[in-house]
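Presented below is the structure to which this report refers.
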2 protein chains.
Amino acid sequence: MVEDSRISDETRQRILQQARLLNYIPNSAARKLRHGRSKISVIGFLINDITHPFYSLMVQAAEKTAARHGYEILVGDTQWNPAKEVAEVKHMIESRVDGVLACLSERTRESTGLLDGFAVPYLMLDTTPREYRGACVVNDLAEASRIAVSHLIQVGCRRLAFLAADESMAHFSAFTKLREEFARAVRARGLPFEPSQIIRAGLSIEAGQSAFEEALRVCPGVEGIFCVNTLCALGVIEAADRRGVRVGREVAVMGVDDLDICSLSRISLTTIRQPYDQLAELATEYLVGAIENGAAPTMRQSLKPELVARQSTRFGNR
Amino acid sequence: MVEDSRISDETRQRILQQARLLNYIPNSAARKLRHGRSKISVIGFLINDITHPFYSLMVQAAEKTAARHGYEILVGDTQWNPAKEVAEVKHMIESRVDGVLACLSERTRESTGLLDGFAVPYLMLDTTPREYRGACVVNDLAEASRIAVSHLIQVGCRRLAFLAADESMAHFSAFTKLREEFARAVRARGLPFEPSQIIRAGLSIEAGQSAFEEALRVCPGVEGIFCVNTLCALGVIEAADRRGVRVGREVAVMGVDDLDICSLSRISLTTIRQPYDQLAELATEYLVGAIENGAAPTMRQSLKPELVARQSTRFGNR
DNA sequence: TTGAAAGCGCTAACAC
DNA sequence: GTGTTAGCGCTTTCAA
């Protein structure tokens, strides 16, 4: 439109001037209709809950990366609801997005079916169902559990417990992977492992609080507690404080996903940091690449988490 | 499409069956083009940074409310960048959204000009430029400052300070309102007020930390510190801890915007809670109402904040 | 009850 | 270098 040198500069200026006068703004529906599925390139991004910090972080990183390549991001928030997820996927197909980044709730297989059916290039993010063999960029949660177990043992803990997600998240493979690898890693280190060391908690402060009470009951003498997320770990600390159990001295506590408050000296929570921004950036790059090549993305990559050790695991005050 | 009783049920079923077989999903660009600006109703939502908890909260509340009325939300993240803001507004106009909810960066007046020019119904959220006279649903920040000053005086503080946003946010009226009303409220209570009691800080933990040091320097003997946001207040607590100044005993600290971590007993930060979800819900309701009536929204409403008193302002340990 | 046709706003192709 | 036209996929209207 701007590049066409057939038109004299004078005419162009005259027309553009008129356009400005008439407050002309093109109709993107018409342009898109005419153009097929390209040009105003859009990438759909399916997430489960925009109010969760790591989802909004990923959205922001994806937006920045997409913008560099002339793409925009259309966010679809599923609220962990499979019906809403399918509706969002359909909406993206109706809008003829050029590709999709998908953090799925894993409560339905319909979404990938639809995307496959319409040959929409897509890439799974953060975590994938166990049987998924397509393109993805994920966090290595098994490694996260290994790091956690290894760290807790290193600081001197022998009796370990894992505070897991609750039943409402049972379908979500990320938490299953954390849990299973925790058990495996404990055994691999030659420590005893019993099912009672896995305690149903949840993803909130309240869940962590009551799960700590539960842990004291079912795992008497527990020394190291690995929590499914940071809020849960904060709940454990809260409950321990109230009971007068000294965190970092009598019990080591750690969580997954580093939030900025973890570094406050009043909290000082050891966590496993996962590179969400890098994850979203990489995924967006791959997807854009695939779209431009007209090929389905194939990349399968898993990013390593990182230990951030703080006072909450200075077990025995060493 | 579904409701048209002219078509026999048998034919309808036959066609729908074929549609399913062929994996038919309508093209929303074509539908929108044909239909004008209606039917697949979309509301644009301009925000400044999706990773800020209150923006994502508002987006979620707006989405839920919009969904109840058959609307969807198209989020435009400006990243506090005026050029990006204008681009997002243009994009929304190109997409012929039916209305816009606007949290503006207030660094440009072009956005409202464009929306007015294209007669897009819109409503300003959270905060508005001082001279804005259009429709809005905002937080009452003057009231927030009055509540804070009143609370700090009530717990026994005489020498108060306000840790404000930094220059990069100088354009943003919300922080100006907080600051100005703080000064007014202090004087209204008959306490001395000097410009040195306003200290440039910022919206982050680090900003709060260094601003606390600054406060000790320029306001020796400061007893009550009101912070522009919660992160800044957490920074003050951190810095006070490191200096051995006992928060809640030697100095009272409070912030604006209640986050869930504020209630942890290790933090126990007094805050002013603002009803962001209610704000977004109300705004969406008004906007939808205006769209359906074909009228521009006119509602001007301001929501009252609420004090959440905790240990950080148990000044003198009462 | 069904089929046919027009036209939404845009752009690419073609004729002038 | 410029004007004209066809057609993207849909919905609405009008004719059969």
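The values are calculated or read from the model by the stated rules, or taken from the named source; none is laboratory data. This structure is a prediction, so every number in the text was calculated from the model and none was measured. So basically every Cβ, Gly included, is an ideal-geometry build from the backbone, and we count neighbours across all protein chains shown.
Numbers for the structure displayed
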item	result
Filter pass, B:Asp77 being at pLDDT 95 or above, under 14 Å from the mean Cα position of the chain (by Cα) and surrounded by fewer than 22 Cβ atoms within 10 Å (Cβ to Cβ)	no
Single residue of the stretch A:31-60 satisfying the filter (more than 9 Å from DNA strand C (Cβ to nearest atom) and charged (D, E, K, R)) that is modelled with the lowest pLDDT	A:Arg37
Residue that is nearest to DNA strand C (Cβ to nearest atom) [pool: residues in the stretch A:8-23 that are within 27 Å of B:Arg96 (Cβ to Cβ) and surrounded by fewer than 10 Cβ atoms within 10 Å (Cβ to Cβ)]	A:Leu22
Out of A:Ala62, A:Ala102, sole residue that is small (Gly, Ala, Ser), surrounded by 23 or more Cβ atoms within 10 Å (Cβ to Cβ), within 30 Å of A:Asp260 (Cβ to Cβ) and in contact (Cβ under 8 Å) with a residue 60 or more places away in the chain	A:Ala62
Residue under evaluation A:Gly44, criteria (1) small (Gly, Ala, Ser); (2) under 24 Å from A:Gln274 (Cβ atoms); (3) more than 8 Å from chain B (Cβ to nearest Cβ); (4) in a helix (DSSP H, G or I), criterion not met	(4)
Looking only at the stretch B:48-63, and only at residues there that are more than 12 Å from A:Val59 (Cβ to Cβ) and not in a helix (DSSP H, G or I), the one that is farthest from the other protein chains (Cβ to nearest Cβ)	B:Asn48
Selected residue (only one of B:Ile291, B:Ile272, B:Ile267 is surrounded by 19 or more Cβ atoms within 10 Å (Cβ to Cβ), at pLDDT below 95 and of a type in the set (A, V, I, L, M))	B:Ile291
Options B:Ile237, B:Ile225: the member that is buried (at least 17 other Cβ atoms within 10 Å of the Cβ), over 22 Å from the mean Cα position of the chain (by Cα) and part of a strand (DSSP E or B)	B:Ile225
B:Ala83 being out of contact with any Gly (no Cβ under 8 Å at 6 or more places or on another chain), more than 11 Å from chain A (Cβ to nearest Cβ), assigned to a helix (DSSP H, G or I) and under 27 Å from A:Phe54 (Cα atoms)	yes
Qualifying residue in the stretch A:133-145 (condition: of a type in the set (S, T, N, Q), within 11 Å of chain B (Cβ to nearest Cβ) and outside any helix (DSSP H, G or I))	no
The one condition in (1) more than 21 Å from B:Gln154 (Cβ to Cβ); (2) more than 12 Å from chain A (Cβ to nearest Cβ); (3) in contact with a Leu (Cβ under 7 Å, 6 or more places away or on another chain); (4) not acidic (Asp, Glu) that B:Phe212 fails to fulfil	(3)
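Rundown of residues vs (1) farther than 17 Å from B:Arg273 by Cα; (2) under 15 Å from the mean Cα position of the chain (by Cα), yes/no style:
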| position | (1), (2) |
| --- | --- |
| B:Cys136 | yes, yes |
| B:Glu143 | no, no |
| B:His151 | no, no |
| B:Lys177 | no, yes |
| B:Arg184 | yes, no |
